[in-house]
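For reference, the structure discussed in these notes is given below.
The values are calculated or read from the model by the stated rules, or taken from the named source; none is laboratory data. Everything numeric in this text was worked out from a predicted model, so none of it was measured. Neighbour counts run over all protein chains shown; Cβ positions are idealised from the backbone, glycine included.
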Amino acid sequence: MDNYKDHRKSVAAIIIDEHKNILVFQRKDHPDNFQLPQGGIDHGEDSIDALKRELKEETNIFDFRILRKSKKEYCYDLENYIREGKSYKGQCHYYFLCELTVKFNFIPSVEFISYKWMEPQKAMEKFPYFKQDIIKQVFKDFELI
């Protein structure tokens, strides 16, 4: 992890349905890309508190169950055009495999304009190219592909 000391500690949610489809969200600033809900761990928060906060803020998801947490952090560098103005070079996520406990009511947010349930393999193709290798490894580690 020392190689990633200039990366932001963060969380990401892999929300699955009964068919192992994944809930992905379309970015407002890059509408060709979809992603998982994710975000940084604030000072004084643990990873579960950060996950709850990020899901609420970004997706209006309140009711969910955590099925599993990744055993390790997955780190990646951000592209230069995304890093501009940020104090970190990349992110190190703990991933959480989750399921909804009730149907959620999506409300477009500052980050997301829509959502889709997708098969994991197809979802990976919609992620930004610089995240695709990490996402593929995460999906394999969670036995989704």
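Some notes on this structure:
- TYR94 vs. criteria in contact with a Cys (Cβ under 9 Å, 6 or more places away or on another chain) and either under 19 Å from ILE135 (Cα atoms) or of a type in the set (D, E, K, R) (or both): no
- Where strands (runs of 3 or more DSSP E) fall entirely within the range 1-59, those with at least 1 residues that are surrounded by fewer than 20 Cβ atoms within 10 Å (Cβ to Cβ) and more than 15 Å from the chain's Cα centre (by Cα) are at 7-16.
- Any hit, the range 79-88, residues being closer than 17 Å to ASN33 by Cα and within 15 Å of the chain's Cα centre (by Cα): no
- In the range 26-79, the residues that are out of contact with any His (no Cβ under 6 Å at 6 or more places or on another chain) and of a type in the set (Phe, Trp, Tyr): PHE34, PHE62, PHE64, TYR76
- Scanning the range 101-145 for residues that are in a loop (DSSP other than H, G, I, E, B), at pLDDT below 95 and crowded, with 17+ Cβ neighbours inside 10 Å yields PHE104, GLU111, PHE127, PRO128.
- Considering residues of the range 79-100 that are of a type in the set (Asp, Glu) and more than 22 Å from ASP49 (Cβ to Cβ) only, the residue surrounded by the fewest Cβ atoms within 10 Å (Cβ to Cβ): GLU84
- Qualifying residue in the range 70-93 (condition: modelled with pLDDT of 95 or more and of a type in the set (A, V, I, L, M)): no
One line per residue, one yes/no per condition, for (1) within 30 Å of LYS5 (Cβ to Cβ); (2) small (Gly, Ala, Ser); (3) in contact with a Pro (Cβ under 6 Å, 6 or more places away or on another chain); (4) touching a residue at least 60 places away in the same chain (Cβ under 8 Å):
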position: ILE82; (1), (2), (3), (4): yes, no, no, no
position: PHE96; (1), (2), (3), (4): yes, no, no, yes
position: PRO108; (1), (2), (3), (4): no, no, no, yes
position: SER114; (1), (2), (3), (4): no, yes, no, yes
position: GLN121; (1), (2), (3), (4): no, no, no, no
position: LYS126; (1), (2), (3), (4): no, no, no, yes
